[in-house]
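Report on the structure given below.
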Amino acid sequence: MFSKVSGPVRLADRVAAILSEEIESGRLAEGDKLPTEVELVKQLGVSRTVVREAVSRLRNAGLVEPRQGLGVFVMPRRTRPLDLEAETAEDTKSKVRQIVEVRRPIEGEAAYLAATRATPADLARMRQALEAIDTAVAAGGDGVDEDLAFHRSVAESTGNAVMLSTLRYLGEVLRGGIRVTRANEARRGDFLEAVRQEHHAILAAIEARDAEAARDAALLHLRHAASRLQDADEGFWTEAENLEVDLGAAP
């Protein structure tokens, strides 16, 4: 059914584009089952990991849905949400800049509300999330999931279901952006320590119930993240292309 995929980078993007075209053209219609993972690997000449990432992007874009034990099926067009991948810039540097810009108003307001609404249990989760980042980094990890968990714990403490749902929808967007920012920050010990202090400043303001300070701390953290990225050299951005910043939406 498909021709083999070739190309130097971003194979998951290319495979996702091929499958999307099959769906948009109607060759794969509503309710049709996608070829199995094994079939796609064979037909496209890529790894299982690439196929899984590509199908995940289609799922995040609302084009397909997995059904337990049955396979992956094309969804009705009317149920498809916003396709963030189609709306964003091509190069990783521009994508990450856009992600940081989107995070600013959401996370600034989340910190503000958290300072007025967080319960003792919420504060405990935030502290645990920060400790988890330190533990992950000390063990040689990148701390991406733990970093995302901290920002999510702030949003959860707002009690605003719409805000939390929005952040969950943007889950893969945020994870991709955080992955690149943390990769940049890991190049220098002073960057890692600065991020650590910025996170703790957010939590300290929330614990102090100082809503304005919490918002300012969150915004400052993201401004500094953007500045650190701006200072990264072209060699870093070439490497960052391999981090596969996924701009699909997470359920």
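The values are calculated or read from the model by the stated rules, or taken from the named source; none is laboratory data. Treat the numbers as computed from the prediction; the structure is a model and nothing was measured. As a convention, Cβ positions derive from the backbone with ideal geometry for all residues, glycine included, and neighbour counts pool all protein chains shown.
Pairs meeting the criteria (first residue in the stretch 152-181 and at pLDDT 80 or above, second residue small (Gly, Ala, Ser) and not in a helix (DSSP H, G or I), beta carbons under 6 Å, at least 6 apart or on different chains) are Ser157/Ala118.
Out of Leu130, Leu148, one residue alone is at pLDDT below 85, outside any loop (DSSP other than H, G, I, E, B), closer than 20 Å to Leu219 by Cα and touching a Leu at 6+ places or on another chain (Cβ under 7 Å). It is Leu148. Taken as a whole, the condition of being of a type in the set (Gly, Ala, Ser), surrounded by 22 or more Cβ atoms within 10 Å (Cβ to Cβ) and modelled with pLDDT under 75 does not apply to Gly143.
For the stretch 1-71, the helices (runs of 4 or more DSSP H) that sit wholly inside it and include 1 or more residues that are at pLDDT below 85 are 11-24, 48-60.
Restrict the check to the stretch 118-126 and report whether at least one residue is over 20 Å from Arg215 (Cβ atoms), surrounded by fewer than 16 Cβ atoms within 10 Å (Cβ to Cβ) and touching a residue at least 24 places away in the same chain (Cβ under 8 Å).
no
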